[in-house]
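Asks: This structure is in structure tokens; I'll ask about it shortly.
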Amino acid sequence: MSKSDNTLAEDMIILCSSAVGEQTAQRGIRALCRYFGGQMVFFPAKKDSGRSAEKIRGVLADAVGDKPAQEMLDKLMFRFGGLQIYVPLERCAFRKIISLEIYERNFSQGVSINTLAREYNISFTFAYTLWREGNREKFHKTMPYLPFSEFLH
């Protein structure tokens with residue numbers, strides 16, 4: 001994972017969290033990374049009725065609802081308007097969160113690593129690597145602070 005992937009996702013979450021709350025912002029940005037991950041996306045500056053804005057709003061609305069999606073889109077358009085931005089892959093930008101999810105679902109709910117690999121669209125080997133990272137992170141926190149709420153508990 002490159003530093004810029006992590007920083008862009010964090011910046012977007014921090015930007016949107018003032019309007020819709022941290023958890024909602026994280027869900028929306030994660031959905032954005034899942035849908036547009038690995039692509040260049042144009043964020044319009046003013047026209048929120050165009051094709052680009054409608055597509056972004058649709059992805060956000062599916063994840064967080066209509067009103068928060070519009071508020072997040074307004075924030076993103078204000079900050080990134082007129083720019084084409086590379087949206088990182090979800091598995092890169094949210095690697096620690098995904099590793100904790102995989103570990104928790106396998107350990108607590110008994111979901112197999114094969115099933116989790118299919119759900120996250122990753123290989124079994126990568127899913128197991130993330131499981132080990134989740135295990136390590138659960139018992140030995142590597143970062144004292146991230147803007148992601150999963151690490152604040």
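The values are calculated or read from the model by the stated rules, or taken from the named source; none is laboratory data. Please read these numbers as outputs of a predicted model, since none were measured by experiment. A quick note on method: Cβ atoms are made from the backbone with ideal geometry, for glycine too, and the neighbour counts reach across all protein chains shown. Each accessible area value is taken on the protein alone, full model and side chains, heavy atoms only, with ligands, DNA and RNA left out. Shrake-Rupley method; radii C 1.70, N 1.55, O 1.52, S 1.80 Å.
Asks: I'd like the trypsin sites (Lys or Arg not before Pro) in region 1-99 restricted to DSSP loop residues with at most 13 other Cβ atoms within 10 Å, sorted by number.
Replies: In loop regions of region 1-99 (DSSP not H, G, I, E or B), the sparsely surrounded trypsin sites (Lys or Arg not before Pro) are 46, 47.
Asks: What are the ³J(HN,Hα) couplings of region 29-37, residue after residue, when phi is run through the Karplus curve with 6.51, -1.76, 1.60 and θ = phi - 60°? Round to Hz, x for glycine and proline.
Replies: Those phi angles translate into 5, 5, 5, 4, 5, 5, 7, 9, x Hz.
Asks: Taking a probe of 1.4 Å, how large is the accessible area per residue of the chain, in Å²?
Replies: On a per-residue basis, 56 Å².
Asks: OK, next. Measure nothing fancy, just the Cα-based angle from helix 66-80's long axis to the longest principal axis of the chain, in degrees from 0 to 90, nearest 10.
Replies: 80 degrees
Asks: If ligands, DNA and RNA are left out, what is the accessible area of residue 11 with a 1.4 Å probe, given in Å² to the nearest 10?
Replies: Looks like 80 Å² after rounding.
Asks: Follow-up. State, as an integer percentage, the relative contact order of the chain based on alpha-carbon contacts under 8 Å between residues 6 or more apart.
Replies: Worked out over the chain, it gives 26 percent.
Asks: Debye calculation, C-alpha points only, no solvent: report log10 I(q)/I(0) for the chain at q = 0.16, 0.20 Å⁻¹, in the same order as the q values.
Replies: Values returned for q = 0.16, 0.20 Å⁻¹ are -0.89, -1.24.
Asks: If amide H atoms are built 1.01 Å from N in the plane of the peptide, which residues on other chains or at least 5 residues away come under 5 Å of the amide H of residue 41?
Replies: Under 5 Å from the amide H of residue 41: 85, 86, 87.
Asks: Listed here are the pairs 46/67; 55/96; 46/96; which of them are more than 30 Å apart at the Cα?
Replies: From 46/67; 55/96; 46/96, over 30 Å: 46/96.
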